[in-house]
Every structure is written in C-alpha cells, then in structure tokens.
Amino acid sequence: MDLQKPLPNPTPTSQPYWDALSSGEVKLQQCDDCGAWVFYPRSHCNACLSPNLNWKTVTGEGTLYSFTIARRPTAPQFAGEEPQYIAVVELNEGVRLNSVLTDVNEADIQVGMKVAPVFHREGDATLLYFKPVA
C-alpha cells in the first residue's frame, strides 16, 4: 500500500502563503489597523477583528520556542524519517508556527536557538522547515 503524506490543501485565504513558499519566500499577514502579525492565514485580524489584512514578505527567521523528538513515525506515511524533530518556531514578528527542524545534530537542539527557513519540496507543495543559524 502506497501511503501519501498529508499535504496542504490551500484555501483562497491561505493561497498567498503557499504561493510565497513555492517562490522561496515567507509571507505573513499584517493588520493595517492595529499592526498585529497574523498566522495562520485568516480573513480577520485575531487581535482587533479588522478585515484589513495585507501580505508582507518577512525573513522567516526566528527562535526555537519548543520541540519534541519523535523516534517512532508520527503517522505511517512518515516511516523511515525517524527521528523527526518537530518544532514550534516563534518568528521574529511574534507569531508561532509548527514545523520541522532539518540540517541539525540532535545534541545541538536547544530552546531559544536561532533558526532560518528551509523551503522543503514535497510533491507539488513547498513546506516551511527550519535549520539552525550558523
């Protein structure tokens, strides 16, 4: 049985995010009214409920907020990729997102370490992974 990995199913609201990743950029929404950064993509600001959100290109750099090491597959589709370094990254803009750490030695993973984006191609999608900043 050939199991397909779960991949993003972009919506009209999230499509600009996925398109940016495909182009090697990270884009976030920012509220024009209160200045809050918004992630995950939404139709209204989660701080002030304004519908006035615009996409802005950011560096994608941030800090490792939390992580876990999955030594067994998190789903059958990920068999053979152990260990998986599953991370919560806080981008410099203050939003947090779930991701994967790559290009890292397990012993070097530390909460608070600086990370940079890696654009990981998976099928027709580009996913946002992170690696340590040297």
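The values are calculated or read from the model by the stated rules, or taken from the named source; none is laboratory data. Not measured: the values here are computed from a predicted model. So basically every Cβ, Gly included, is an ideal-geometry build from the backbone, and we count neighbours across all protein chains shown.
I'd like the full set of residues that are under 30 Å from Pro83 (Cα atoms) and assigned to a loop (DSSP other than H, G, I, E, B), limited to region 32-58. Show your work before the answer.
Just the residues of region 32-58 that are under 30 Å from Pro83 (Cα atoms), to begin with: 39-41, 58.
Within region 32-58, Phe39, Tyr40, Pro41 meet the criteria.
Given the criteria outside the structural domain of Asp124 (by TED's automatic domain parsing), part of a strand (DSSP E or B) and over 16 Å from Leu128 (Cα atoms), does Gln4 qualify? Give the derivation first.
Working: outside the structural domain of Asp124 (by TED's automatic domain parsing): yes; part of a strand (DSSP E or B): no; over 16 Å from Leu128 (Cα atoms): yes.
Here the answer is no, as Gln4 does not meet what is asked.
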Within region 84-134, count every residue that is touching a strand residue (DSSP E or B) at 6+ places or on another chain (Cβ under 6 Å), among the charged types (D, E, K, R) and farther than 20 Å from Trp37 by Cα. 2
Would you be able to say whether some residue in region 25-41 is among the polar types (S, T, N, Q), free of Cβ contacts under 8 Å to residues at least 60 places away in the same chain and farther than 18 Å from Leu97 by Cα? no
Which one is surrounded by the most Cβ atoms within 10 Å (Cβ to Cβ), of the residues in region 8-59 that are more than 21 Å from Arg121 (Cα to Cα) and of a type in the set (Val, Ile, Thr)? Val38
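Tally the residues that are assigned to a loop (DSSP other than H, G, I, E, B) and touching a strand residue (DSSP E or B) at 6+ places or on another chain (Cβ under 7 Å), restricting the search to region 7-20.
Restricting attention to region 7-20, the residues satisfying the condition of being assigned to a loop (DSSP other than H, G, I, E, B) are 7-14.
With the extra rule that they be touching a strand residue (DSSP E or B) at 6+ places or on another chain (Cβ under 7 Å), the set shrinks to 7-8.
Residues that pass the stated criteria total 2.
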